Amino acid sequence: MKKISLVIAFAAAIVLAGCNGNKQTKNGSETDSTDVFVEQQIKAGMNMHLDSLTELWLRLKPSSFYSTTQDGKIILSQDEKKVKPEYLFNPEELASKLETMSYKYRALAVYAVDKEVAKLYDMKDVYTPAIKKLAAELNDPSLKFIDENSEKMEYTELNSQAYKIAEENGRANRYWEVAASSIIEQIYLIANNQDKFLANFTDKDAEDMTYRTILLCESFQDLAEYHPDLANLNNVILPLEKLDALTVDKLREQLTELKADIEKSRAQLFE
């Protein structure tokens, strides 16, 4: 990975130095060498930091959101199911915005989350076809690996292997993009219906949710330096830095306080 802006800056400095012929002094040359060395150390440090964060992330169990929606912990009455959530993404409406690979990865992530909520309300599954279409367009080996092994492998092992495949194919940054988009969508949905989605959360679940956001926010500070196309997503997840709840009650309080920021972040995923 490369810190693009600084690489360009150094390239420009070299060109300017060449134009000045022999006017460059020894001290100037030594200063340039020092700057390059410092830059190399910064990049190496950031790379190590990101590797450490990645290792922590890959150890995580499935999100608490999925443990409540998929394991039958959330039960809606027939009357509740009649009031369909209007805040889910509509793949048909969003399709025209998915012009870049980045947006397609983000859509893949939010559709997977919305699909779980749609199931709870017995809504028509418009997400599986959209997910399959995007997966085919992206042709990402790590996505294919997950699809083929999700029911055969333990979650953390599956996650680790998928990340390794993404790295080998130069798509590790896309892995993080999917992770961030998924968490933003989960937090947005929880903030819109705390009574249901937090009903079965324990304090440990609340801590797990905020721990994920902390890891993401720290990771994207590094990722944005290496991948300019992720700078936008770094800004999108910034409001989530304020989520540091260790209890369900505190998480409820923070989600209420940050609801407007969370809605704004979610809207910016495709802007």
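The values are calculated or read from the model by the stated rules, or taken from the named source; none is laboratory data. The shown structure was predicted, so the numbers you read here are calculated from the model rather than taken from an experiment. Because the Cβ atoms are built from the backbone with ideal geometry, glycine has one as well, and the counts that use them run over all protein chains shown. Just the protein is used for accessible areas: all its heavy atoms, side chains included, with ligands, DNA and RNA removed. Shrake-Rupley method; radii C 1.70, N 1.55, O 1.52, S 1.80 Å.
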Neighbours by Cβ (under 7 Å, 6+ apart or cross-chain): first from segment 94-109, in contact (Cβ under 8 Å) with a residue 24 or more places away in the chain; second in a helix (DSSP H, G or I) and open to solvent by 60 Å² or more (accessible area, probe 1.4 Å)
S102/D229; Y103/K97; K104/E137
Pairs returned, first residue in segment 144-157 that is among the small types (G, A, S), second residue that is open to solvent by less than 100 Å² (accessible area, probe 1.4 Å) and part of a helix (DSSP H, G or I), beta-carbon separation under 9 angstrom, 6 or more apart or interchain, are S150/L158
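Select from segment 251-269 the residues that are part of a helix (DSSP H, G or I) and in contact (Cβ under 8 Å) with a residue 60 or more places away in the chain and list them in ascending order. Show your work before the answer.
To start, the set of residues in segment 251-269 that are part of a helix (DSSP H, G or I) comprises 251-257, 259-269.
Across segment 251-269, the qualifying residues are L255, T256, K259, I262, E263, S265, R266, L269.
Those residues that are open to solvent by 100 Å² or more (accessible area, probe 1.4 Å), part of a loop (DSSP other than H, G, I, E, B) and farther than 13 Å from M123 by Cβ, I need them from segment 74-97; list them, please.
First, the residues of segment 74-97 that are open to solvent by 100 Å² or more (accessible area, probe 1.4 Å): 75, 78-79, 82-83, 86, 92-93, 97.
Then keep just the ones that are part of a loop (DSSP other than H, G, I, E, B); that gives 75, 83, 86.
I75, the sole residue that qualifies.
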Criterion violated by T156 - all others in (1) more than 24 Å from S265 (Cα to Cα); (2) modelled with pLDDT of 85 or more; (3) not aromatic (F, W, Y) satisfied
(2)
Would you pick out the residues in segment 96-153 that are at pLDDT below 90 and basic (K, R)?
K152
Would you please list the contacts, defined by Cβ atoms under 6 Å and residues six or more apart or on different chains, that run from a residue in segment 193-207 that is more than 20 Å from I262 (Cα to Cα) to a residue that is not small (G, A, S)?
N200/T68; N200/K73; D203/T247; D203/V248
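In this structure, does I190 turn out to be within 18 Å of the chain's Cα centre (by Cα) and more than 27 Å from L88 (Cα to Cα)?
So I190 fails the test.
Each row is one residue, and each column tells you yes or no for (1) of a type in the set (D, E); (2) touching a Ser or Thr at 6+ places or on another chain (Cβ under 9 Å).
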site	(1), (2)
S77	no, no
K82	no, no
L94	no, no
L98	no, no
S102	no, no
A112	no, yes
A118	no, no
D122	yes, no
A130	no, no
